[in-house]
1. Pick from region 95-127 the residues that are touching a helix residue (DSSP H, G or I) at 6+ places or on another chain (Cβ under 7 Å) and over 19 Å from residue 283 (Cβ atoms): which of them is surrounded by the fewest Cβ atoms within 10 Å (Cβ to Cβ)?
2. Residue 54 passes all but one of (1) under 18 Å from residue 94 (Cβ atoms); (2) under 24 Å from the mean Cα position of the chain (by Cα); (3) buried (at least 17 other Cβ atoms within 10 Å of the Cβ); which number fails?
3. Please state which one of 201, 220 is assigned to a strand (DSSP E or B), assigned by TED's automatic domain parsing to the domain that holds residue 239 and touching a residue at least 12 places away in the same chain (Cβ under 8 Å).
4. Kindly list the number of the only condition in (1) without any contact (Cβ under 8 Å) to a residue 40 or more places away in the chain; (2) surrounded by 13 or more Cβ atoms within 10 Å (Cβ to Cβ); (3) assigned to a helix (DSSP H, G or I) that fails for residue 177.
5. Exactly one condition in (1) within 30 Å of residue 286 (Cβ to Cβ); (2) touching a strand residue (DSSP E or B) at 6+ places or on another chain (Cβ under 8 Å); (3) surrounded by fewer than 17 Cβ atoms within 10 Å (Cβ to Cβ) is false for residue 87; which is it?
6. Could you check region 185-198 and list, in sequence order, the residues that are closer than 23 Å to residue 254 by Cβ and in contact (Cβ under 8 Å) with a residue 40 or more places away in the chain?
């Protein structure tokens, strides 16, 4: 393997390769893929599509297009004041997932946003996946600010799109994002467990973590435990996996309604936790 390099893709041939790369995860159904003609439109009109290469082979891809937060637009706040990069999709070949490619692609997108003075990069992810949560909230410094119930619709034709999503907002110039993206954020550990408040009760039975009662949010940091390896849990017990999704919906909506944001994610031994702190009002369009 040669050194992994990153660059933006621009040619029709590269767009065709990007479509093939998406199929690794999303399958052959073109309805689930971002097609080549759309990728060309994105890169030719202000979007950002960086890719990772091992020699001449494309091994990773991140798709981002320009947009705006329509909910933030008011009579005295023009659309241009609420510009953002919508980070739509990231794909890395399975055999390359231990090479930090996903982090590098995201950081390249942050540099793009900073260069053009775009304050926010946003995306959604499945909140039950601890590995994704650790990348998004701890390594990058994004903040979970909204919980989207049945984000793609409850009757989605694609099973992987049929559940809830956590909206990750990456305020790229905010001090929170800076210290995390630069690797200067402190690693949360046992001390956080001792001082933090518990949002949910869990039990371990038959080597499987099981959700219990959702507590009233009090104090901070607030800790929400989730399974460390949800895909394996789902294979062993589909009913328990469904129960975890329902439980997380309740926990996230409870915390957000009480004025908290998901501002970090921690791993301690064989346990994983979302970390919530109170919304201080700085993660927003000013």
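1. Once the filter is applied, the top-ranked residue is 103.
2. With respect to (1) under 18 Å from residue 94 (Cβ atoms); (2) under 24 Å from the mean Cα position of the chain (by Cα); (3) buried (at least 17 other Cβ atoms within 10 Å of the Cβ), residue 54 is out only on (2).
3. 201
4. (1)
5. (3)
6. Listed by number, the residues that qualify are 188, 192, 193, 196.
The values are calculated or read from the model by the stated rules, or taken from the named source; none is laboratory data. Treat the numbers as computed from the prediction; the structure is a model and nothing was measured. Please note: Cβ atoms are built from the backbone with ideal geometry, for glycine as well, and neighbour counts cover all protein chains shown.
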